[in-house]
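Heads up: the structure comes next, in structure tokens.
The values are calculated or read from the model by the stated rules, or taken from the named source; none is laboratory data. Bear in mind that the values here come from a model prediction, so they are computed numbers and not experimental data. Every residue, glycine among them, receives a Cβ derived from its backbone with ideal geometry; neighbour counts consider all protein chains shown.
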């Protein structure tokens, strides 16, 4: 009997000890878990405040979708900022008095998509005088420009040439995608004027006036396109302050020693081609 009682006491003591140890172990585990969570949260806070230059930390703190969206936003912001800082708004200056190009913004010819071996700096400006017509001034930093074409209506683009493309009535229904006049000019003031790919020489009766001037390191052309001629081409319509045209300025030398083709508006295609009106810029006539 005594042996049986001792045995029961022993079993009871063992069970009590095992139960106590298990309970203490559970408490320790719970405490450690809370300690780990607290430590992890502290680390995250430190990572965000201190380790912002760590790509590993950034990746672990941003989901894949959030990361993609953030990158896209940064790229968009950067692009917009670059464009706004480098490109001022271009417009055709409206006047009712004298023509003053010093008040007109410049369309800088910066893109040379088909040959960047020779990229002379050039720009164009335009002024519209009420009830008169358009005046265009173009400038190019180039010494000794090739000037061999002497006949108006000749292949001026084979010389060193500056060009102005303009759809003066973009709302008019286009026939075969032709609705623009291109005026190509060399440094002697000789020009080729076309409506799309068709010469307007007979229609213009040389009413277009172009003056070229050559200096030591640059040359310029000043052109006048009368409103009467524009209405002969497009039909009678109202154009003036607040009107919108579509245009482009270009620089070329298809027959020069170093062939080159520069443009204000970026153009598409693998071969040199300025006749792409879908890339012309919408430009307002305003003060």
> From 268, 253, 212, 189, which residue is within 29 Å of the chain's Cα centre (by Cα), at pLDDT 95 or above and either surrounded by fewer than 17 Cβ atoms within 10 Å (Cβ to Cβ) or within 12 Å of residue 156 (Cβ to Cβ) (or both)?
Replying inline: 253
> Restricted to the range 162-186, and to residues that are more than 16 Å from residue 237 (Cα to Cα) and part of a loop (DSSP other than H, G, I, E, B), which residue is nearest to the chain's Cα centre (by Cα)?
Replying inline: 177
> Counting just the residues of the range 156-179 that are within 18 Å of residue 203 (Cα to Cα) and at pLDDT below 95, which one comes out surrounded by the fewest Cβ atoms within 10 Å (Cβ to Cβ)?
Replying inline: 178
> Which number in (1) surrounded by 22 or more Cβ atoms within 10 Å (Cβ to Cβ); (2) more than 14 Å from residue 251 (Cα to Cα); (3) under 22 Å from the mean Cα position of the chain (by Cα) marks the one condition that residue 124 misses?
Replying inline: (2)
>> Conditions first: (1) in contact (Cβ under 8 Å) with a residue 60 or more places away in the chain; (2) assigned to a strand (DSSP E or B). Residue 213 passes all but one, so which condition is the exception?
In response: (1)
